[in-house]
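As structure tokens, the structure follows; a few thoughts come after it.
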Amino acid sequence: MEIMQYKKQNNMVCVVTFNNMGHYCGYVGVNKYHPFFEVDYQDLGCGISVHGGLTYSGKEIGGKDIADGQYWFLGFDCAHAGDVCSEDGIDAFGDAVYVWTAELVMRECENLASQLKKIYDDCKSEILEIDTVQETMESILTQLLELGETADKCEDKADGPIKLSWYKFNVLLDLVISTAMDAADMLEIIRCQEQGKK
């Protein structure tokens, strides 16, 4: 196996190799923050579009760890029917349809990297939304505790302050329930996405 091209893009690495069987392969490595890190390519049900479909996943390329285990590579090959990986066309896998060069394989890697970046960005957006919900809930719960303390202090006083405190308590309690339901909806979306990978 020979590495023909190596390029970094969007916190990923794109790699083009030419193997001993006489055809090109393309790989995109994602880091540990990507939702597909250490996920087998056969378990991804996300509609990734790349030449011939994904045919590989792992931390090594051609049996070599070229990135010290920092990346999980998703790869495709150019050994499908109609693929030509040499200018003279001798190594055509069936009737010539695609005449591949290292540059064209890199372009396909960049296309794959763009799709993987979008998946990462979408996932990051959902995580930020969940973080916002968590912060909101923590703020509301803090207010509930403060109101609870206020109500305790007002037990020996007129009904007005107590009723007001419990009114605020119930309003905030409704907010907690509503926010919790929003969080549950978000978690359900992520759970469905996780199942979609399987």
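The values are calculated or read from the model by the stated rules, or taken from the named source; none is laboratory data. None of the values given here were measured: they were computed from a predicted structure. In this analysis, Cβ positions are derived from the backbone assuming ideal geometry, glycine residues included, and neighbour counts consider all displayed protein chains.
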Can you tell me which residue in segment 73-83 is modelled with the highest pLDDT, limited to those that are surrounded by 21 or more Cβ atoms within 10 Å (Cβ to Cβ) and farther than 20 Å from GLU38 by Cα?
CYS78
Between a residue in segment 31-48 that is under 11 Å from LEU74 (Cα atoms) and any residue that is charged (D, E, K, R) and surrounded by fewer than 16 Cβ atoms within 10 Å (Cβ to Cβ), which pairs come within a Cβ distance under 7 Å, given they are 6 or more apart or on different chains?
VAL39/LYS197; LEU44/LYS197
Filtering segment 24-54 down to residues that are at pLDDT below 90 and touching an Asp or Glu at 6+ places or on another chain (Cβ under 9 Å), which residue is surrounded by the most Cβ atoms within 10 Å (Cβ to Cβ)?
PRO35
Looking for something of a type outside the set (Asp, Glu), in a strand (DSSP E or B) and without any contact (Cβ under 8 Å) to a residue 40 or more places away in the chain - is there at least one such residue anywhere in segment 9-20?
no
Mind checking whether some residue in segment 86-97 is modelled with pLDDT of 85 or more, more than 17 Å from ASN19 (Cα to Cα) and in contact with a strand residue (DSSP E or B) (Cβ under 9 Å, 6 or more places away or on another chain)?
no
Go through segment 1-23 residue by residue and tally those that are more than 16 Å from LEU112 (Cα to Cα) and either touching a helix residue (DSSP H, G or I) at 6+ places or on another chain (Cβ under 6 Å) or surrounded by fewer than 18 Cβ atoms within 10 Å (Cβ to Cβ) (or both).
8
I'd like to verify a number: residues in segment 48-72 that are under 18 Å from MET21 (Cβ atoms) and assigned to a strand (DSSP E or B), how many?
4
